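Novice: Let me give you the structure first, and then I'll get to my questions.
The values are calculated or read from the model by the stated rules, or taken from the named source; none is laboratory data. The structure displayed is predicted, hence computed values, not measured ones. Every residue, glycine among them, receives a Cβ derived from its backbone with ideal geometry; neighbour counts consider all protein chains shown. Ligands, DNA and RNA are excluded from the accessible area calculation, which covers all protein heavy atoms including side chains. Shrake-Rupley method; radii C 1.70, N 1.55, O 1.52, S 1.80 Å.
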Amino acid sequence: MSGEKQLLKKYDLGKLQAVYLQKGTQVELVLIVKELEKEFVLGKSKHADSLIQLKLEGDATGGGFGAGHTNHNSQSTQNLTYVDQMVETSSKQTTITTVLKNEAGLVAKHILEYVSGKQAVITYTVVENNGKDTLTLESLSSFSLSYLTPFAEDEATNYLRYHRIRSRWSAEGRVESGSIEDLQLEPSWSCHGVSVEKFGQIGSMPVRKFFPMIGIEDTKAGVVWASQLACNSSWQIEMYRRDEKLCICGGLADYDFGHWKKVIKPGETFTTPRAFTTVVKGDFDAACRNLVDMHEQAKPFCGDKKLPAVFNEYCTTWGKPSEKTIAEICQKIKGKGFDYFVIDAGWYANESLGWENNMGDWEVNRQLFPNGLSSATRIIREAGMKPGIWFELEVVGKEAKALQQTDHLLKKNGKVICSGDRYFWDMRDPWTNAYLEERVIGLLEKYGFEYIKIDYNETIGIGCDGSDSLGSGLYENILATQAFFAKIHERIPGIVIELCSSGGHRLEPSFLDATDMASFSDAHEEPEIPVIAANVHRVMRPEKSQIWSVIRENDTMERICYSVTNTFLGVLCISGDVLRLSDEKWKLIEDGMAFYRKLDAIQKDGETYYFGPKQPSYRKLSGWQGVLRKGTTTDEAYLILHSFEPGQTLQIPLNGSYDIIDVYEAVPHNGKISNGIFEVTFAHAYETMAVLLKSHC
């Protein structure tokens, strides 16, 4: 690429600044903190990294031994030519549209949206085929941020670090950090040969291995760039380098990685999923706070603006709910402050085969519920709660009668897809939608359910037939799932949709925005719950994160306090041996629920800070953990403190003047504030306390 890089345009966006650089016909995007504008160095960088990365079928890859690893800087990208840049502004939003095109008539528009008051931007790409021939995309980015780091003339050796967030079942949200050098992302002596670290997730559980996030930290400048994809299916993120400057980009998993390609006929357009991107003078946690602030807030729960307290009977009956057990539970928990009672899996159980493998028929078991579900919902309402029910509506179990409907099940290469014991409805199919409207929405309407827990316990895999590629079929099918969620909201105004996917496998922005709250994990009663619950503050709003608190008959008072305190990191959900608890234990639970009610404003508008040593193992915890969440629209804050080993002294700097106004604990720990530091000593492992604070500044 000939010519030197030059400044094309820069825009002030609140505390951020979007800098567009031009080299020849290419345009790059750099995001910086506005206060550091004077430290921007237009230093060495031999190559251009376009703000739109794409590849068309048949075009060359970018060379440098990258084929099969990356489509970055492909021939298709290099053939794009800058056309124009338009800006629309209002009091609420600024939209910057950068237009590129190629000789075949492809017009690619990079859209950057800044919402006033936020400290992050939204980006996505729109492609239009204005030519005469059909074009096939094999990759297309939602974001591409280049020229990292703009505060150094050279390659910033030894002070660039990456951050990403790993995930697996019942161990969500583990931060992984390391040096760029450890990933061999240094340029070579001649800047020939590309270095790329590509990671992502393949299938219909978008948080199955990683959360769709990346952070790059310049430890010398004290700056972090971070991006989060709002992508519901297979996705990818790349850290790419050929010369002195690093690039990060991401979007739908490309054809090589996730078998995605999209045919664009003349006159057609395609729009990528959105991405959120921020830059902050601070650490990775500060960048995460900016990204999560871009997520949609939780909707008011049926007119009640307070966060709800949920009772879910799953860990009470373990898949064997009945009218009788519901009546017994409701009699016990009546008047204790629960807003919703959720009937979990098993209400549709087959009389001989059980409940685990007949999802899809959705017929009420008349032995368990001789009056249908009408008596059960009446009992729940008479106990002062709103009824909820569990569905896994996208799947068909291996023992379901619905499995005969093979024409309406997803296929790969003409064969019906089966993962474990589950098959999958084609959610794009009008017949499927009509069937689910009758069996799911019809049942919700018939019995007056005000809450639905939508679970999802397997993954489709790389994709399905019915589109331009397997990956494209997968993406379209999940978009159809989200459209069905919207239909539930439309048909039943005010209903609460809980997002669950074996706990936390769908905790990404597009699914979170389509639902009212989400299960944080399937770690129902494990000691690592507070670690996981704190971790997911980095990727979602705590007001949407439902935390299990499973109480057992033989639990000590300290263990009960531990379990209830965990829920203060999100939305409270109680389950367990509630029929056999003593009055003393019930009082401790109710005291915890009363404390939880005081955290509403802090959960909805707050910032989270973490303290304590990193946990080498989630299954064998060590040390302690402290979580401080400060309200941004209130003068209150809370501390959630846990010990994992005996003899732990915790010291938490509050960075402000606060008074203690309430404490929740099983036994007095005599925590105190001195010189702006909260200090407490836990004598034993697995002790905990929660502290409500009020600023007196």
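Novice: Between ASN554 and ASP361, with labels modelled 7 Å along Cα→Cβ, what's the label distance in nm to one decimal, could you check?
Specialist: That separation, rounded to one decimal, is 3.7 nm.
Novice: To the nearest 10 square angstrom, what accessible area does LEU579 show with a 1.4 Å probe?
Specialist: Taking all protein chains as shown, LEU579 has close to 70 Å².
Novice: Also: Against the globular-protein guess of 2.2 N^0.38 Å, express the Cα radius of gyration of the range 234-299 as a ratio, rounded to two decimals.
Specialist: Rounded to two decimals, the normalised Rg is 1.49.
Novice: Subtracting the Cα-Cα distance from 0.36 nm times the residue separation, let me have the gained length for ILE673 to LYS305 in nm, one decimal.
Specialist: Gain on stretching ILE673 to LYS305: 129.3 nm.
Novice: May I pose another question? Rounded to whole Å and sorted largest first, list the principal axis extents of the Cα atoms in the range 428-548.
Specialist: Each principal axis gives a Cα extent; for the range 428-548 these are 44, 39, 21 Å.
Novice: Also, I was wondering about something else. For GLY24, enumerate residues with amide H under 5 Å from its amide H, sequence gap 5+ or separate chain, H modeled in the peptide plane.
Specialist: When sequence neighbours closer than 5 places are left aside, there are no close amide H contacts.
Novice: Can you sort TRP624, TRP431 by 1.4 Å-probe accessible area, starting with the largest? Let's see the in-between values first.
Specialist: Details: TRP624 40, TRP431 85 Å².
Most to least solvent-accessible, the answer reads TRP431, TRP624.
Novice: Run the numbers for GLU438 and TRP189: contour at 0.36 nm per residue of separation, minus the present Cα-Cα distance, in nm.
Specialist: Stretched out fully, the GLU438 to TRP189 stretch lengthens by 83.2 nm.
Novice: Which residue, VAL223, ILE202, CYS191, has the largest displacement toward the positive end of the dipole of the range 160-263 when charges sit on each Cβ (Lys, Arg +1; Asp, Glu -1)?
Specialist: Among VAL223, ILE202, CYS191, the one farthest towards the positive end of the dipole of the range 160-263 is ILE202.
Novice: Kindly report, to the nearest 10 Å², the accessible surface of LYS694 as traced by a 1.4 Å probe over protein heavy atoms only.
Specialist: Rounded to the nearest 10, that gives 80 Å².
Novice: Please give the solvent-accessible surface of THR406 in Å², to the nearest 10, using a probe radius of 1.4 Å with every protein chain present.
Specialist: Result for THR406: roughly 60 Å² accessible.
Novice: Could you rank ILE660, ILE551 by how accessible they are, 1.4 Å probe, largest area first?
Specialist: Details: ILE660 70, ILE551 0 Å².
From most exposed to least exposed: ILE660, ILE551.
Novice: How high is the relative contact order of the range 368-480? Use alpha-carbon pairs under 8 Å, at least six apart in sequence, and give a whole percent.
Specialist: 31
Novice: May I ask you to give the percent of accessible area on the chain that is carbon plus sulfur, with a probe radius of 1.4 Å?
Specialist: C and S atoms contribute 47 percent here.
Novice: Can you tell me the accessible area per residue over the chain, all protein chains present, probe 1.4 angstrom, in square angstrom?
Specialist: Heavy-atom SASA per residue in the chain reads 36 Å².
Novice: Let me ask another. Around ILE248, under 14 Å between beta carbons, what's the net of Lys plus Arg minus Asp minus Glu among the other residues?
Specialist: Computed value for this residue: 0.
Novice: Further question: On a C-alpha basis, how far is the centre of the range 326-359 from the centre of the range 612-661 in Å? Whole number, if you could?
Specialist: 35
Novice: Can you give the FRET efficiency for LYS132 and ASP84, using 1/(1 + (r/R0)^6), R0 = 22 Å, r = Cβ-Cβ distance, to the nearest 0.05?
Specialist: That pair, LYS132 with ASP84, gives E of 0.45.
Novice: Let me ask something else about it. Leaving ligands, DNA and RNA out of it, rank GLU238, GLU103 by accessible area with a 1.4 Å probe, largest first. Can you show the working numbers first?
Specialist: Values: GLU238 5, GLU103 195 Å².
If we order GLU238, GLU103 from most to least accessible, we get GLU103, GLU238.
Novice: Treating only the Cβ of Lys, Arg, Asp and Glu as charged (+1, +1, -1, -1), what charge dipole size does the range 314-405 show about its Cα centre? Round to the nearest 20 debye. Before the final figure, lay out the partial values.
Specialist: Numbers: 11 positive and 12 negative charges, 90 e Å.
My answer is approximately 440 debye.
Novice: Please compute the length gained on full extension between HIS489 and LYS34, using 0.36 nm multiplied by the number of residues separating them and subtracting their Cα-Cα distance. Before the final figure, lay out the partial values.
Specialist: On the way: separation 455, 0.36 × 455 = 163.80 nm, distance 4.07 nm.
Extra length from HIS489 to LYS34 when fully extended: 159.7 nm.
Novice: Consider a paramagnetic label point 7 Å from the Cα of ASP283 along Cα→Cβ; state which residues of the range 594-612 have an amide N under 20 Å from it.
Specialist: Once the point is set 7 Å along Cα→Cβ of ASP283, 606-612 turn out to lie under 20 Å by backbone N, inside the range 594-612.
Novice: Give me the net charge for the shell around GLN119: Cβ to Cβ below 11 angstrom, other residues only, Lys and Arg +1, Asp and Glu -1. List each step's numbers first, then the result.
Specialist: On the way: positive: LYS15, LYS34, LYS118, LYS281, ARG289; negative: ASP293.
Charge balance near GLN119 sits at +4.
Novice: In percent, what relative contact order does the range 1-101 have, based on Cα pairs under 8 Å that are 6 or more apart in sequence?
Specialist: 18
Novice: Given the DSSP H assignment, sum -39500 (n - 2.57) over each helix run of at least 4 residues in the chain and divide by its residue total; what's the result at 222 nm in deg cm²/dmol, nearest 500? Present the calculation step by step, with values, prior to reporting the outcome.
Specialist: On the way: 14 runs with 119 residues, N = 697.
Using -39500 (n - 2.57) per qualifying helix, the result is -4500 deg cm²/dmol.
Novice: Same structure again: Given Cα pairs under 8 Å that are at least 6 residues apart, what percent is the relative contact order of the range 571-697?
Specialist: 23
Novice: Convert each backbone phi in the range 178-188 into a coupling constant with the Karplus relation 6.51 cos²θ - 1.76 cosθ + 1.60 (shift: θ = phi - 60°), then list the ³J(HN,Hα) values in order as whole Hz, x for Gly and Pro.
Specialist: x, 7, 4, 5, 5, 8, 6, 9, 8, x, 6
Novice: Work from the charge dipole of the chain (Cβ charges, +1 for Lys and Arg, -1 for Asp and Glu, about the Cα centre) and give the residue of LEU31, SER233, SER170 farthest towards its positive end.
Specialist: LEU31
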